[in-house]
Amino acid sequence: MRHARGFSLIEVLVATGILTVGVTALAQLVSIAMRVNASARATTSAVLLAQAKMEQLRGLAWGVDASGTPVSDFTSDIAAVPNTSNGGVGLTASPPDALSAMIAGYYDFADSAGQALSGNGPPPAAALYVRRWSIAPVAAFPESTLILAVRVTRVRGSIRAPVTASNQPDEARLVSIKTRKAR
């Protein structure tokens, strides 16, 4: 008698079951990878926005002129779009909760392309990120050294609600020190 070639029904069902389990696991893996990619993209954007704001803060005048007189920028408005040289707080010390609350002069918004939006009032419709910054004199050297901190988070729910102290996956924080230098 000749043996039949091919697969039995049971072999086909087992193979189909194994294939189904494999494809389901692969689909879950793709879904997880997409979420992680989106989170990484948001975190990268937040870091770039934080770096841009830190560069603005570090670019404000905080030095000593040729005669030894301190030169400080206490009037630039870097929360306005476009930035202006007066009408703002510049490097004035911020309230202690400036990184977690909406303090006038110490926050602004940015859209999905990283373009700065006005930091006055509620977030514009295009706002995706809120940037907050604080400026604090160093206790031992208050006239010559400042601590600059920037925090960027996604705009979520009620923007007026305080942000928790814990880091979100798509958040960035930067801290720098600025000292007076002779010009």
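Per-structure values
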read-out	value
Vicinal HN-Hα couplings computed from phi for segment 90-95 (Karplus, 6.51 cos²θ - 1.76 cosθ + 1.60; Hz; Gly/Pro x)	x, 9, 5, 4, 8, x
Highest-first arrangement of 137-145, 46-54, where packing means the average Cβ count within 10 Å	46-54, 137-145
Stretchable slack from ARG5 to ILE177, in nm (0.36 nm times residue separation minus alpha-carbon distance)	54.1 nm
Ratio Rg/Rh, restricted to segment 29-182 and using Cα atoms, in which Rh is the Kirkwood radius	1.02
DSSP-defined antiparallel bridges as percent of all bridges, segment 29-182, nearest 5	95 percent
Residue among ASP108, ASP77, ASP65 with the largest mean-square fluctuation in a Gaussian network model of the chain, springs linking Cα atoms under 10 Å	ASP65
Per residue Cα convex hull volume in Å³ - calculated over segment 1-98	193 Å³
Sequence-distant residues sharing a close amide H with VAL89 (under 5 Å, placed H)	ILE78
Whole-Hz ³J(HN,Hα) from phi, Karplus 6.51 cos²θ - 1.76 cosθ + 1.60, for segment 42-54, glycine and proline x	5, 5, 4, 4, 4, 5, 5, 5, 5, 4, 5, 5, 4
Residues whose placed amide H lies under 5 Å from that of LEU99, excluding near-sequence neighbours	none
Ellipticity estimate at 222 nm from DSSP helix runs (n ≥ 4, -39,500 (n - 2.57)) divided over the chain, nearest 500	-10500 deg cm²/dmol
Calculated from backbone phi, Karplus (6.51, -1.76, 1.60) coupling profile of segment 60-71 in Hz, x at Gly/Pro	6, 4, 7, x, 9, 7, 4, 8, x, 7, x, 10
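Every read-out reported here was derived from the displayed coordinates using simple, explicitly stated rules and does not represent laboratory data. Keep in mind it's a predicted model, so treat the numbers as computed, not measured. When we count neighbours, we look across all protein chains shown, and the Cβ atoms used for this are built from the backbone with ideal geometry, even at glycine.
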